[in-house]
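What follows is a short report on a single structure.
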Amino acid sequence: MTDVMTKPHQLIASDRVEGTAVRRPNGDKIGHIERLMIDKISGKVSYAILGFGGFLGMGTNLLPLPWARLSYNTRFEAYELDIDDEELRRAPSFRADKDFDWGDRSQETELHRYYRIPPYWGGF
């Protein structure tokens, strides 16, 4: 059997993103990517859901983050989010046992305003 060398590329499978650590620029861990939200029409990733807090999955908070707010840090092999504790506490979030209303565009608009990032669908 021959070893096949693969070239490095920019793509990653969604199942490899889920569970990936999210860290601050200094390397401190904030949480992990719980799941991705993908726009069905454009096929683009719209949000990463950050899981943080809780113990053994109980009491976990979920923070919907506009995908554009994250960047990948190869040094940490983690997604980077420049957010301090106070901003994290104030950020729109929901509990793991409740779901964010993805059909409510006004909630999404407020989310984008909070992060000062234009909505993926355009406008503001």
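The values are calculated or read from the model by the stated rules, or taken from the named source; none is laboratory data. All figures in this text were calculated on a predicted structure; none of them were measured in a lab. In this analysis, Cβ positions are derived from the backbone assuming ideal geometry, glycine residues included, and neighbour counts consider all displayed protein chains.
For K29, the requirement of being modelled with pLDDT under 85 and either surrounded by 16 or more Cβ atoms within 10 Å (Cβ to Cβ) or charged (D, E, K, R) (or both) is not met. Selection of the stretch 81-100 for residues being outside any loop (DSSP other than H, G, I, E, B) and either under 18 Å from A21 (Cα atoms) or in contact (Cβ under 8 Å) with a residue 60 or more places away in the chain (or both) yields D85, L88.
Of the residues contained in the stretch 21-42, none is found to be free of Cβ contacts under 8 Å to residues at least 40 places away in the same chain, over 30 Å from H9 (Cα atoms) and in contact with a strand residue (DSSP E or B) (Cβ under 9 Å, 6 or more places away or on another chain).
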